[in-house]
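Read the figures in this text as sums done on the coordinates, not as results from a lab. Everything quoted here is computed from the prediction, not taken from an experiment. Neighbour counts run over all protein chains shown; Cβ positions are idealised from the backbone, glycine included.
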C-alpha cells in the first residue's frame, strides 16, 4: 500500500515518525522508520490485544525497520491528571497488555506515561515499541542499552539481559507517577516498593502478580469498610493466604526478620551531609548495603510526624562506598535536596532482601537549619575529559575535570554517563576526598558500562556542596546544554 505524508510527529537520531494517509483513501495511520533492524516487530505484528495498537505492515531492511500501525485518537497519560480510581484502572489495563506481551516473549523496555494513550473509548493503548526485545539464550546482557532514565531498571544499562521484570520495574515507577501524592498510601507504596527493588529477583516475578496485588489492595479497602471489626480476623486470615498463594510472595511478612533501624541518624554539622549507623545485614544479599531515605522540610524546629506528615522527596541508595568502616557509619550528601530556607529532617530505613529480612522502620534525624536559598552557586566543573589507564586486568576509565582545586574536600561530585542516543548509562557520586584518595584525579566509571564497542559515551558532572548555607550546589538543567558534556569516548 502507498501512503502520503500528512505530518511529522517525531524525529530523532533513532527514528522518524509521520502521520500518513493511504493514497486514494481516507484511512490515517502512523508510519515509523527506525534506523536499525528490530525483528521483534514481526512477532508483534501477530499480537492483537485490545490495549495494543494494531500493526498493519512491517518491513525489515538490513539497517532499518518500517512499521505501519494504527492511529489512535486520545491523550497521553503524561499530560493528564487522573483521579485515583481511573489511574488504578489504567494500571490494570497496562498489566493486561504487558502480561499478553510477556506471554509472547516480548519485553517492552520503555513503559512510561508518555507511551500510554487514553483512547476515546476510555481504555488505554501501550505504544512505542522501539526499545522492545525478545530474551535470547546464552546472552548475558542486552546488546543495546535503550530505555528512559528514571523508568528503566539498573539491569537495562548493561548489568544483565533484561526480562519481564524490567517492565515490572517501569510499571512500578509509572504507578507512582500517575498516583502522585496518593502513591504514599501504604497499600500503594508497598506495591511500588516491591516492583522497584534494585535486585530483579526481589521484584514480583510476573505482571500477573502485580495485577493481583492491585486488585487485592483495592478489595481489601472495601472489605474492611463493609465488614468492620466483626469480620476483621476472618478477612485478614483469608486474604493473607490469598496474597501468599496468588501474589507469589517468598514468605509471610510475619516470618521475615525485621532489620534493626539505623542508629543515630544526624546531620554532620553544617555540611548538609546525612550520617547514620550502618546495618551490615541490609541489601539484596550480594554484599552491598542498601537504604531508603525521605526528606522533610519544616518552618519551625518541629520533628516530622512520620505517620501523618508528607515528605518533600525520597530516594534509595546502595553500595559499600557509603560506608566508613572505621566508624561503622554511612553518609550521603543531601544538599541537592535543600532548596527553600527552613529546617530539614531526613529519615532513613535499612532495606531488606524481601526473603530473609524485612525493611527496618524509618528513624528521624535531628534538624538542619538551611539558610542558603539565596547563596551563590559553586563554580561549574571545567575541562571535562576521559582519563584512561592501562592496567594488568584491562583498561580503567575515569571522568575528570581540571578545576578540582576550586572545591572543598567534602563537596561531592555526581558523574552521569550517557550514550550516543542520549540514554542514561550510569552515575556515580564521590567526594573530593575520595577522588584524591583513590580516583586518579577523577571518578571511576566501571568498564562494563562502556562495553558496547559500537556505541560512544560522554559524561556530565554536578557538584553537591558541603557548605549549603554558603554555596548552592551546581546542578544541571534538563536537558543539559552541550557545553556541559565531556568529549565522546569510543573504543
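Annotations for the structure displayed:
- Alpha-carbon Debye profile of segment 394-464, log10 I(q)/I(0) at 0.20, 0.23, 0.26, 0.28 Å⁻¹: -0.81, -1.00, -1.19, -1.32
- Computed packing ranks the peptides 375-383, 87-95, 166-174, 30-38 as 166-174, 87-95, 30-38, 375-383, most packed first, by mean other Cβ atoms within 10 Å.
- Highest mean packing comes first when the peptides 126-132, 43-49 are listed by Cβ atoms within 10 Å, giving 126-132, 43-49.
- For segment 3-70: Kirkwood Rh in Å [reciprocal of mean 1/r, alpha carbons]: 12.5
- Computed from the C-beta positions of residue 309 and residue 76 and an R0 of 30 Å, the FRET efficiency is 0.40 to the nearest 0.05.
- Equivalent ellipsoid semi-axes - Cα gyration tensor, segment 257-370, angstrom: 24, 16, 11
- Taking every DSSP helix (H) stretch of at least 4 residues in the chain, weighting each as -39,500 (n - 2.57) and dividing the sum by the residue count yields a mean residue ellipticity at 222 nm of -6000 deg cm²/dmol.
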